[in-house]
Each structure stands twice: as C-alpha cells, then as structure tokens.
1. Only one of (1) closer than 20 Å to Val182 by Cβ; (2) at pLDDT 95 or above; (3) crowded, with 20+ Cβ neighbours inside 10 Å is not met by Gly4, so which one is it?
2. For region 84-124: of the residues being polar (S, T, N, Q) and in contact with a Ser or Thr (Cβ under 9 Å, 6 or more places away or on another chain), which is nearest to Met1 (Cα to Cα)?
3. Given the conditions (1) touching a residue at least 12 places away in the same chain (Cβ under 8 Å); (2) closer than 18 Å to Thr172 by Cα, and given that Val115 satisfies all but one, which numbered condition is not satisfied?
4. Filter region 176-187 down to residues that are loosely packed, with under 15 Cβ neighbours inside 10 Å and modelled with pLDDT under 95, then give me how many there are.
5. In this structure, is Val84 under 17 Å from the mean Cα position of the chain (by Cα), at pLDDT 95 or above and either of a type outside the set (D, E, K, R) or crowded, with 20+ Cβ neighbours inside 10 Å (or both)?
6. Restrict the check to region 19-32 and report whether at least one residue is in a helix (DSSP H, G or I) and touching a helix residue (DSSP H, G or I) at 6+ places or on another chain (Cβ under 9 Å).
7. So which of Ser32, Ser57, Ser18, Ser43 ends up being among the hydroxyl-bearing types (Ser, Thr, Tyr), touching a Cys at 6+ places or on another chain (Cβ under 8 Å) and outside the structural domain of Leu149 (by TED's automatic domain parsing)?
8. I'd like to know if region 120-131 contains one or more residues that are β-branched (Val, Ile, Thr), over 24 Å from Cys50 (Cα atoms) and modelled with pLDDT of 95 or more.
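The values are calculated or read from the model by the stated rules, or taken from the named source; none is laboratory data. These numbers come from a predicted model, not from an experiment. Positions of Cβ are generated from backbone atoms using ideal geometry, with glycine treated the same way; all protein chains shown enter the neighbour counts.
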Amino acid sequence: MFTGIVEGMAKVKSVSRSKNRADTVMRVQLGSRLARGLKVGDSVSINGACLTVAKLSKGDAEFEMVAETIRRTNLGLVRPGDEVNIERSMRVGDRLEGHFVLGHVDGTGTIEDIVKMPSETKLWIKLDNEELARSVVPKGSIAVDGISLTLVDVEGERISISLIPHTLGMTTLGAKSRGNKVNIETDILGKYVNSNLPKI
C-alpha cells in the first residue's frame with residue numbers, strides 16, 4: 001500500500017523484453033537515497049503501478065512487468081532516459097499524508113489541456129473509459145501517475161486537477177505535455193460505492 005506522496009523521480013536505464021522472465025523488464029536508476037533499505041521482493045510504486053523489485057545492484061533496481069501491466073498503464077510507453085515517479089511502500093506507523101493508494105492502476109487518461117496560472121497549474125485530463133468516470137467525484141481523491149491529488153472538476157469523462165509549484169517540481173507532471181498518457185487510480189471508497197450501485 002502507498003500514500004501517493006512521491007519520494008522522488010528516477011531515471012529509466014533500460015526497457016527490454018525477456019523470454020525467460022516476465023514480458024518486459026525495466027531497469028531504473030534509483031540512486032542511494034531511494035534504494036536505501038530496499039531488498040529484492042519489496043514493492044515500489046512506479047508512476048503509480050505497484051511493481052516488485054526483482055534485482056538490485058548499486059542503486060539500480062529491475063522490475064518485471066507482465067502483459068496486463070503494459071496494457072493497463074502508461075509503462076509500455078516508457079523509454080530509456082525517461083523519468084518516473086517513485087514511492088516505496090508504506091510502513092506501519094507512517095503518517096498518511098495523501099490517501100490510500102493501492103498501486104493497482106485502473107486505467108489511463110490523456111492530458112487535454114494545461115492551464116498555467118501564477119500560483120498553480122490546472123491539468124485537464126480525458127479519462128480513457130467510462131468506468132473510470134463512475135468512480136470520481138469533485139473534491140474526491142485520485143492518484144495520477146502515483147501522485148495523490150484532489151479532483152477539482154468532473155465533467156463526464158473529463159476531470160481537472162490543480163498542481164502547486166512544489167508538485168510540479170518534485171514529480172514528472174512538471175514535464176508533461178498535451179497528449180501525454182497518465183496512469184489513473186481512482187479512490188478505493190469510490191470503487192466500493194460504484195460496485196454496489198444498481199446497474200441501470
């Protein structure tokens with residue numbers, strides 16, 4: 001489990017297909033700070049997707065991704081040199097600064113517009129399927145590329161989020177452009193409510 005409070009960004013060193021292991025293997029340069037205390041088998045959120053550390057070597061970590069991960073997230077678009085958001089799993093006793101984020105990405109969205117203002121930047125995102133839209137509400141929680149954020153507007157399958165300069169500087173959202181795909185995990189409470197609503 002995670003909180004959606006990104007600890008830092010890390011550079012992707014390689015992405016390769018493997019016949020002997022998972023469908024795709026991604027090597028990420030975590031560095032000494034983000035790799036401190038990690039061991040093989042630990043869970044790490046990469047752009048909001050919970051992945052398992054398969055190998056560790058001098059601050060680099062390898063993560064194996066199956067076809068479902070590639071299909072459901074934006075990690076299939078990541079290339080060497082790209083930066084990804086990193087959050088290590090929550091420990092018992094940690095502060096819950098964001099919201100409960102499982103690392104189970106529900107789908108993706110496409111950035112439609114970026115509105116820059118003096119004190120904040122507003123991102124408009126078009127959710128890629130109607131099911132995602134059923135689990136979001138204005139002022140509710142959402143994880144975008146693993147970042148815990150508050151929804152501002154919900155207009156059908158279009159949503160908006162507001163970002164302060166700190167978030168733009170500490171996460172990959174500061175480098176995003178119109179047309180970029182982002183991972184979306186809706187709030188777990190919204191999922192349970194949605195699953196119990198009568199189907200019309």
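1. (2)
2. The qualifying residue nearest to Met1 (Cα to Cα) is Ser89.
3. Exception for Val115: condition (1).
4. 0
5. Spelling it out, Val84 is indeed under 17 Å from the mean Cα position of the chain (by Cα), at pLDDT 95 or above and either of a type outside the set (D, E, K, R) or crowded, with 20+ Cβ neighbours inside 10 Å (or both).
6. Step one: of region 19-32, the residues in a helix (DSSP H, G or I) are 31-32.
Still in the running and touching a helix residue (DSSP H, G or I) at 6+ places or on another chain (Cβ under 9 Å): none.
No, that holds for no residue.
7. Ser43
8. Within region 120-131 (the criterion being β-branched (Val, Ile, Thr), over 24 Å from Cys50 (Cα atoms) and modelled with pLDDT of 95 or more), the answer is yes, since at least one residue qualifies.
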